[in-house]
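*Asks:* This is the structure, below, for whatever I ask next.
The values are calculated or read from the model by the stated rules, or taken from the named source; none is laboratory data. Everything quoted here is computed from the prediction, not taken from an experiment. Methodologically, a virtual Cβ is constructed for each residue, glycine included, from the backbone with ideal geometry; neighbour enumeration extends over all protein chains shown.
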Amino acid sequence: MTDGQVHILHGVGASAGIAIGQAVVIDMRKIERYPKLKIPEDRVEDELRRFDEALALSQKQVAEAISALEAHNVIREHVLILEAHLLMLKDPALVDRVRTLIATEFINAEWALKRAIEEIEKAMDAVDDAYLRSRVADAAFVAERLMRNLTGRKTGSFHHAHNSIIVAHDLSPADTAMLNKGMVLGFATDVGGMTSHTAIIAHSLEIPAVVGLENASSVVNPGDTIILDGISGVLIVNPSESQILEYQNRARSYLSMEIKLKEKAKEPAVTRDGKRIVVKGNLEFKEEVKTVLDHGAEGIGLYRTEFLYLVRKDIPTEEDHFEAYRSVVQAVHPYNTVIRTLDLGGDKFYSALNTIFSERNPVMGLRAIRLCLKETGIFKTQLKGILRASHYGDTSIMFPMISGIDELHQAKEILEETKRELKIQGIPFDEDIRVGIMVEVPSAAVIADLLAKEVDFFSLGTNDLIQYSLAIDRGNEFVNYLYEPLHPAVLRLIKFTVDAAHNAGIEVSMCGEMAGREIYTPILLGMGIDSLSTNAYAISHVKEMARKINIEKCRKIVEHLFEMRKASEIYEFMTREIMENTHDLFDLA
Ligand code: PEP
Ligand code: MG
């Protein structure tokens, strides 16, 4: 806990920018320990009153969150989720059951709540209905809030977050999806790494974020003034006047640099030796498409469609898919939109599906294409939505997490079957739609020459490629230091994939976070990558770097880098090169 003293915490700058504001602390760690007590009969009334107070407080918090979200015109699904929570907080099956357990079994409110929730979850689990099963997660969320209010812990609620900085132990993709642009200034989390999904959402909201701070949520108190520096990954708690002044200045110069870059963002990026470099945008929500295009994206290189699922509790219908994709494809046309099929599982946990399979190691488990090939009904529903949208603008389909030829064949077979069904129904779609895969599992990179013969394009997903090839959990703050995009093993996998693609005459792009860091741009272009796709904020930076370099010279530099043995050596070389231009990388002569 802070004592009014200045504290400086170091983490990973996951989304650039500087924010200065008041902290809202959200501690959503699951409460595993709660008091389990037998109570004397004469305490029953007191215990019932305690439960009623916690219930009323929980209802008030959720209702306030709903009004705050509505006032900000946010994505409707977010409000619907909270409305479902409010209904559950009023549901007699929960409320009356807890009261009965307290009054008849003489147990304290926490224990009664735990038992009532377990009964509800068991009943829901037994039903063979995806919608009802999806409500298990709602029940758990509601129980957690009630338990926190009963035990007097911080509940944290996003509606207090206007113009504040959120400090949390962790934010799930669904939590972060609830944070709307304009509502929060930035966020800081104890856990997470550079490419964790919380970091990706921070980029898409264009707010600064620092992750992997380890203990920020216990050090910071609600209401503390904090400085969040997403550029260098620092959180300053209770800063001095002079620190505030210094960071206000830094924020101003950062902003003016951003404005300058943004002015040039829509101009094409042409290297000094005349090669036109295409930079596309990554998209998580259909609502972001205008922002991404305004930042100069020449197409969408990765539409992460799983966020369509993560912000709602039921399973989207074919119409839901179709409407979302059509609006994006139309807005992006004549540029191309690469729609990636579902990548649920791993840390993109989706209660309506992923709770069915309880997995000990979900990142290595039934994730992405594996889940789709098991739940083919859900896969086909999405494919139909994508195919139908392809009639309205240039569209490509991309399969995530392909690890071998068999998997690709199965996915393509289901796609063909879906096309046949649409044809029979007489529904129009682009019959020559291009099909590509993410190269993000090391086995796919190693057999890239074989896979290249089967698809129209590759897109390198370095977030996972690094995670799996270096055996580093991309969201784990304790092994962040080993997450090295410049590791020679990673560079070799990338180079092999690029060469395999070109030998087969197909295009290769990159859509992992590595594509959005300008220090890597000369290396990636020197290796021959055809296009880069990144978050809105990074587009102008990458374009600006591309404008400065000479591709031929970058090719030579890459040859030189391949003689180096360590990521640190390569990093130091690149930093020196960029700062001092010692090898004329930038061809300034
Ligand atoms: C990747 O793995 O690099 C990627 C772009 O996919 P995601 O971050 O959604 O896993
Ligand atoms: Mg991935």
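*Asks:* All but one of (1) in contact with a helix residue (DSSP H, G or I) (Cβ under 6 Å, 6 or more places away or on another chain); (2) more than 30 Å from ASP170 (Cα to Cα); (3) hydroxyl-bearing (Ser, Thr, Tyr) hold for SER469; state the number of the condition that does not hold.
*Replies:* Of everything listed in (1) in contact with a helix residue (DSSP H, G or I) (Cβ under 6 Å, 6 or more places away or on another chain); (2) more than 30 Å from ASP170 (Cα to Cα); (3) hydroxyl-bearing (Ser, Thr, Tyr), SER469 misses just condition (2).
*Asks:* Exactly one condition in (1) among the polar types (S, T, N, Q); (2) farther than 24 Å from ARG370 by Cα; (3) surrounded by 17 or more Cβ atoms within 10 Å (Cβ to Cβ) is false for GLN425; which is it?
*Replies:* (3)
*Asks:* Could you please give the count of residues in region 500-517 that are free of Cβ contacts under 8 Å to residues at least 40 places away in the same chain and not in a helix (DSSP H, G or I)?
*Replies:* Summing the residues that are free of Cβ contacts under 8 Å to residues at least 40 places away in the same chain and not in a helix (DSSP H, G or I) in region 500-517 gives 2.
*Asks:* Does GLU552 satisfy the criteria of being in a loop (DSSP other than H, G, I, E, B) and over 23 Å from THR337 (Cβ atoms)?
*Replies:* No; evaluated as a whole, the condition is false for this residue.
*Asks:* May I ask you to list the residues in region 475-489 that are more than 13 Å from ligand 1 (Cβ to nearest atom) and not in a helix (DSSP H, G or I)?
*Replies:* ASN476, GLU484, LEU486, HIS487
*Asks:* Do the conditions hold for GLY193, that is, is it modelled with pLDDT of 85 or more and under 20 Å from the mean Cα position of the chain (by Cα)?
*Replies:* Here the answer is no, as GLY193 does not meet what is asked.
*Asks:* Among the residues of region 115-131, how many are at pLDDT below 75 and over 17 Å from GLU375 (Cβ atoms)?
*Replies:* Residues that pass the stated criteria total 3.
*Asks:* Here is a follow-up. From the set of residues in region 344-387 that are over 19 Å from the mean Cα position of the chain (by Cα) and of a type in the set (Phe, Trp, Tyr), which is modelled with the highest pLDDT?
*Replies:* PHE379
Here is a yes/no grid of residues against (1) under 25 Å from the mean Cα position of the chain (by Cα); (2) within 16 Å of ALA501 (Cβ to Cβ):
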residue	(1), (2)
ALA411	yes, no
LYS419	no, no
GLU431	no, no
THR462	yes, yes
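*Asks:* Any residue that is surrounded by 24 or more Cβ atoms within 10 Å (Cβ to Cβ), of a type outside the set (Gly, Ala, Ser) and not assigned by TED's automatic domain parsing to the domain that holds GLN330 - is there at least one of those in region 231-253?
*Replies:* yes
*Asks:* Something else now. Among the candidates ASN503, ASN476, single out the residue that is modelled with pLDDT of 95 or more and surrounded by fewer than 19 Cβ atoms within 10 Å (Cβ to Cβ).
*Replies:* After ruling out the rest, the residue left standing is ASN503.
*Asks:* Among the residues of region 518-531 satisfying the criterion of being touching a residue at least 60 places away in the same chain (Cβ under 8 Å) and in contact with a strand residue (DSSP E or B) (Cβ under 8 Å, 6 or more places away or on another chain), which is farthest from ligand 2 (Cβ to nearest atom)?
*Replies:* LEU525
*Asks:* Counting only residues that are in contact with a strand residue (DSSP E or B) (Cβ under 8 Å, 6 or more places away or on another chain) and among the polar types (S, T, N, Q), which one in region 391-403 is surrounded by the fewest Cβ atoms within 10 Å (Cβ to Cβ)?
*Replies:* Across region 391-403, the extreme among qualifying residues is SER396.
*Asks:* Please indicate, with yes or no, whether at least one residue in region 546-558 is buried (at least 21 other Cβ atoms within 10 Å of the Cβ) and either over 27 Å from ALA265 (Cα atoms) or among the small types (Gly, Ala, Ser) (or both).
*Replies:* Yes.
*Asks:* Mind listing whichever residues of region 395-420 are of a type in the set (S, T, N, Q), within 16 Å of ligand 1 (Cβ to nearest atom) and under 20 Å from GLY301 (Cα atoms)?
*Replies:* Residue satisfying the conditions is SER396 alone.
*Asks:* Taking into account only those residues within region 453-473 that are away from ligand 2 (no atom under 11 Å from the Cβ) and over 12 Å from ILE402 (Cβ atoms), which is surrounded by the fewest Cβ atoms within 10 Å (Cβ to Cβ)?
*Replies:* Per the stated criteria, the residue is ALA471.
*Asks:* Now for a separate question. Provide a single number: the residues in region 196-223 that are surrounded by 24 or more Cβ atoms within 10 Å (Cβ to Cβ), modelled with pLDDT of 85 or more and either among the small types (Gly, Ala, Ser) or part of a helix (DSSP H, G or I) (or both).
*Replies:* Total meeting the criteria: 4.
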